[in-house]
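A.B. asks: What follows is a structure written as structure tokens; I'll ask about it next.
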Amino acid sequence: MSSSSHALHEVAAHVKKMEADANRHAGDVTLIAVSKTFDAETIRPVLSAGYRVFGENRVQEAMGKWPDLRKEFDGIELHLIGPLQSNKAKEAVATFDVIHTVDRMKIAKALKSEMDKQSRDLPCFVQVNTGEEPQKAGVPPLEADAFIRQCQDEIGLNIIGLMCIPPVDEAPGEHFALLQKMAGANGLTKLSMGMSSDYPIAIGFGATHVRVGSAIFGARDYVTD
Ligand SMILES: *Cc1c(COP(=O)(O)O)cnc(C)c1O
């Protein structure tokens with residue numbers, strides 16, 4: 001077993017335990033293995049071990065490795081978890097199965113238009129900038145309700161939930177709690193929150209999708225974003 005497969009196995013077991021501890025149903029939480037910056041050679045053993053759900057944060061990078069991996073392995077589910085530019089919407093819709101980072105009307109419209117063209121209906125999350133950090137992507141919390149409704153009613157996107165990345169220097173719990181509350185208020189059931197450092201906490205606050213990279217694949221050589 002490769003070291004990444006082994007680590008994934010351990011994280012998956014921990015997710016199961018945290019689900020049980022939080023009185024969640026088994027299988028409530030999807031573990032997204034975030035493979036950004038790692039090449040196909042590193043990812044392949046994890047696929048061979050049977051795992052199929054992965055996350056990438058750059059469209060260009062994902063296009064470079066996943067089309068070939070999809071030819072080798074059936075049933076891959078690829079999540080876009082990084083910021084999206086509207087001029088990459090076409091590639092994003094062709095490459096990914098779920099989009100976590102809808103945060104502007106321009107993106108929402110570009111995605112919908114591409115989905116129609118490609119006859120693909122991708123489930124989407126709205127990213128909320130819960131810490132209201134100027135440098136971070138996401139809709140400000142106060143604008144989120146209106147934005148979600150616009151995406152659903154005007155654009156016709158299939159919004160299934162909300163996503164956040166808490167500020168690095170703050171306790172994540174209050175951000176997870178806020179996202180959980182906002183999703184509930186909008187009738188949304190899916191919550192994309194929790195990374196290597198805080199996914200057990202996120203599961204306690206109702207996360208349905210945890211995005212775990214370094215705890216599975218190891219430290220990244222370079223910083224993305
Ligand atoms: C890289 C990344 C992750 C995974 O981070 P780790 O700390 O390596 O688990 C999760 N979410 C997003 C949006 C990311 O860009």
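Read-outs: derived from the displayed coordinates by stated rules, not from any lab. Everything numeric in this text was worked out from a predicted model, so none of it was measured. Neighbour counts run over all protein chains shown; Cβ positions are idealised from the backbone, glycine included.
A.B. asks: Please identify every one of the chymotrypsin sites (Phe, Trp or Tyr not before Pro) in the stretch 142-225 that sits in a loop by DSSP and has no more than 14 other beta carbons within 10 Å of its own beta carbon.
C.D. replies: Listed in order of number, the matching sites are Y222.
A.B. asks: A further question on this structure: With a cut-off of at most 16 other beta carbons within 10 Å, and DSSP calling the residue loop, which trypsin sites (Lys or Arg not before Pro) in the stretch 71-126 qualify? Please list them.
C.D. replies: R120
A.B. asks: Here's a follow-up. Go through the stretch 108-120 residue by residue and turn each phi into a ³J(HN,Hα) via Karplus (6.51, -1.76, 1.60, θ = phi - 60°); whole Hz please, and just put x for glycine and proline.
C.D. replies: Coupling constants for the stretch 108-120: 4, 5, 5, 5, 4, 4, 5, 4, 4, 4, 8, 6, 10 Hz.
A.B. asks: Under a crude label model (7 Å from the Cα following the beta-carbon direction), how far is S113 from D145 in nanometres?
C.D. replies: It works out to 3.1 nm between the two label points.
A.B. asks: Provide the packing ranking of 15-24, 94-103, i.e. peptides ordered by the mean count of other C-beta atoms within 10 Å per residue, highest first.
C.D. replies: Peptide ranking by packing, descending: 94-103, 15-24.
A.B. asks: Now a separate question. Would you mind calculating the gained length between H14 and R52 on full extension (0.36 nm times residue separation, minus the Cα-Cα distance), in nm to one decimal?
C.D. replies: Going from the current span to full extension adds 11.9 nm.
A.B. asks: Can you find, among H9, A177, A49, the residue sitting farthest towards the positive end of the charge dipole of the chain, where Lys and Arg contribute +1 and Asp and Glu -1 at Cβ?
C.D. replies: Looking along the dipole axis, the top candidate is A49.
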